[in-house]
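Every read-out reported here was derived from the displayed coordinates using simple, explicitly stated rules and does not represent laboratory data. Quantities reported herein were computed from a predicted structural model and do not represent experimental measurements. Cβ coordinates were reconstructed from backbone atoms using ideal geometry, including for glycine residues, and neighbour counts include every protein chain displayed.
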């Protein structure tokens, strides 16, 4: 009502004094600008411009078997989506089993700082397509190429050597009953030895890789792999 009264008053003054029409134009422009600013304020988006954060865990189906994998642990960007996948590659810090931080940009000045001892367990989940199960391979295939004698390594852990000339030459098999562990390890050479341990969950095979030097704490490693398997295992497929 105040603006209307002001406008009527200015209109009467304009008829008396033609020069006052400029005042009317200025007032109208101010009113229009205020209206535009009000509409723009009301219609301005309220959401942030930053990208939404990814969920902490992601449901992934591998070999028709459901797994809930930590998103930050997935090593390849192309695999960071939910739904069916042929394979998923992950890594976890040991012994915390947390997902590692994203790698930083490496330059010539920082390359020496990036060379550090391996401190993580690598895990690949892949569809097995009815290939021979890992436990069957341990029972039926490996014995053909192993020396008969087993060497005690640590409390409950034993080592058997693969014969030279076999498909697993330069590797050793380490086994334990409690906690259960079967792992095939390369020997130290130009590069540190690495171990491979496999387990089958329905339609998928889980392949763990870790440094051979960790066998000095093999119970902790075996427990860590069991924990990771239990944490990611989703509801059983129908």
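Residues 101, 198, 86, ranked from the fewest to the most other C-beta atoms within 10 Å, line up as 101, 86, 198.
Take the Cα of residue 36, step 7 Å toward its Cβ, do the same at residue 96, and the gap between the two points is 5.4 nm. The distance between label points at residue 151 and residue 138 comes to 2.1 nm (points 7 Å beyond Cα on the Cα→Cβ vector).
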